[in-house]
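*Asks:* This is the structure I want to talk about, given as structure tokens.
The values are calculated or read from the model by the stated rules, or taken from the named source; none is laboratory data. Predicted, not measured: the structure shown is a model, and the values here were computed from it. We place every Cβ from the backbone using ideal geometry, glycine too, and count neighbours over all the protein chains shown.
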Amino acid sequence: EDKVVQSPLSLVVHEGDTVTLNCSYEVTNFRSLLWYKQEKKAPTFLFMLTSSGIEKKSGRLSSILDKKELSSILNITATQTGDSAIYLCAVERAGANNLFFGTGTRLTVIP
Amino acid sequence: DAGVTQSPTHLIKTRGQQVTLRCSPISGHKSVSWYQQVLGQGPQFIFQYYEKEERGRGNFPDRFSARQFPNYSSELNVNALLLGDSALYLCASSLAIREKLFFGSGTQLSVL
């Protein structure tokens, strides 16, 4: 059965800290791994990763995929209160038309 | 440009009732997907429609149905509501199947 596991489930940090969120997966016919940020209701797209070892970067956020270890990490440096959200990891399978999501990591950044 | 719009934003129903949720995709997007997100869980795939045809279905009972209209908007129907149907229902649109998803803000359904 397909599985996407995120850790930790929740995290509380102070502004300025660096955080690393983890996502591991077990799916057949893996195609890509995606990260979304869900602040209130609508998940917003962050990254899509298809190739192992290539880092995607956007400002203070970066992510990398390890296809050998079937995992990905999302790094956030110099965290701000606006980074407080649920971060969702999702996997797309080749030939499938849907995303399979993990339960998410709830990040809280306190001033 | 308007994003994905969903209506209503909140809805309260009682067990056994039926509900219809609506979604308007981003202009130019031809695919609409529906996801259910129960509190504390990640979104779970329900349906995908492309060019008015069902292109994917998740593991949900037949009480759940959907359709897509010629203008690419979509409706999700749930019959014989159960308490466990209480969730945030998210609609996402994309240019085509297997393209990047853009999510709406969802409809929060409470079944009492």
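*Asks:* Return the only residue of B:Ser94, B:Ser73, B:Ser31 being of a type in the set (Ser, Thr, Tyr) and over 13 Å from the mean Cα position of the chain (by Cα).
*Replies:* Numbers: B:Ser73 fails: over 13 Å from the mean Cα position of the chain (by Cα); B:Ser31 fails: over 13 Å from the mean Cα position of the chain (by Cα).
Matching residue, one of B:Ser94, B:Ser73, B:Ser31: B:Ser94.
*Asks:* If you take the residues in the stretch B:32-55 that are closer than 21 Å to B:Pro70 by Cα and without any contact (Cβ under 8 Å) to a residue 24 or more places away in the chain, which one is farthest from the other protein chains (Cβ to nearest Cβ)?
*Replies:* B:Lys52
*Asks:* Also, quick follow-up: Are any residues in the stretch B:79-90 of a type in the set (A, V, I, L, M) and within 14 Å of chain A (Cβ to nearest Cβ), and if so, which ones? Give the derivation first.
*Replies:* First, pick out the residues of the stretch B:79-90 that are of a type in the set (A, V, I, L, M): B:80-83, B:87-88, B:90.
Passing the criteria: B:Ala87, B:Leu88, B:Leu90.
*Asks:* Also, I was wondering about something else. What do you reckon, is B:His10 surrounded by fewer than 22 Cβ atoms within 10 Å (Cβ to Cβ) and either touching a His at 6+ places or on another chain (Cβ under 6 Å) or within 12 Å of chain A (Cβ to nearest Cβ) (or both)? First the steps, then the outcome.
*Replies:* Details: surrounded by fewer than 22 Cβ atoms within 10 Å (Cβ to Cβ): yes; either touching a His at 6+ places or on another chain (Cβ under 6 Å) or within 12 Å of chain A (Cβ to nearest Cβ) (or both): yes.
Judged against the criteria, B:His10 is a match.
*Asks:* Related question: Just one of the numbered conditions (1) in a strand (DSSP E or B); (2) farther than 23 Å from A:Thr44 by Cα is not true of B:Leu81; which one?
*Replies:* (1)
*Asks:* Being within 14 Å of A:Pro43 (Cα to Cα) and within 8 Å of chain A (Cβ to nearest Cβ) narrows it down to one residue among B:Ser93, B:Ser105; which is it?
*Replies:* Every option except B:Ser105 fails the conditions.
*Asks:* Restricting to the stretch B:1-24, what's the tally of residues that are outside any strand (DSSP E or B) and among the charged types (D, E, K, R)? First the steps, then the outcome.
*Replies:* Here is the first cut: in the stretch B:1-24, the ones outside any strand (DSSP E or B) are B:1-4, B:8-9, B:14-18.
Of the ones still in play, those that are also among the charged types (D, E, K, R) are B:1, B:15.
Final tally of qualifying residues: 2.
*Asks:* Going by the structure shown, is A:Thr108 in a strand (DSSP E or B), of a type in the set (S, T, N, Q), touching a residue at least 60 places away in the same chain (Cβ under 8 Å) and touching a strand residue (DSSP E or B) at 6+ places or on another chain (Cβ under 8 Å)?
*Replies:* Details: in a strand (DSSP E or B): yes; of a type in the set (S, T, N, Q): yes; touching a residue at least 60 places away in the same chain (Cβ under 8 Å): yes; touching a strand residue (DSSP E or B) at 6+ places or on another chain (Cβ under 8 Å): yes.
Yes; evaluated as a whole, the condition is true for this residue.
*Asks:* Another question, then. Here is a list of conditions, (1) outside any loop (DSSP other than H, G, I, E, B); (2) touching a helix residue (DSSP H, G or I) at 6+ places or on another chain (Cβ under 8 Å), and B:Glu54 meets all of them except one; can you say which number that is?
*Replies:* It fails just one condition, (2).
*Asks:* In the stretch B:57-78, which residue that is within 14 Å of chain A (Cβ to nearest Cβ) and either touching a residue at least 24 places away in the same chain (Cβ under 8 Å) or assigned to a loop (DSSP other than H, G, I, E, B) (or both) is surrounded by the fewest Cβ atoms within 10 Å (Cβ to Cβ)?
*Replies:* Selected residue: B:Asn59.
*Asks:* Kindly state which strands (runs of 3 or more DSSP E) lie completely within the stretch A:1-103 and contain at least 1 residues that are within 14 Å of chain B (Cβ to nearest Cβ) and surrounded by fewer than 16 Cβ atoms within 10 Å (Cβ to Cβ). Spell out how you get there, then give the answer.
*Replies:* Values: elements: A:3-7, A:10-14, A:19-26, A:30-38, A:43-49, A:56-58, A:61-66, A:71-76, A:85-93, A:99-101.
Here the list reads A:3-7, A:10-14, A:30-38, A:43-49.
*Asks:* Take the conditions modelled with pLDDT under 95 and under 26 Å from A:Thr44 (Cβ atoms) and apply them to B:Ala87. Does it pass? Full working, then the answer.
*Replies:* Details: modelled with pLDDT under 95: no; under 26 Å from A:Thr44 (Cβ atoms): yes.
Answer is no for this residue.
*Asks:* Mind checking which residues of the stretch B:25-45 are surrounded by fewer than 21 Cβ atoms within 10 Å (Cβ to Cβ) and assigned to a strand (DSSP E or B)?
*Replies:* Passing the criteria: only B:Gln44.
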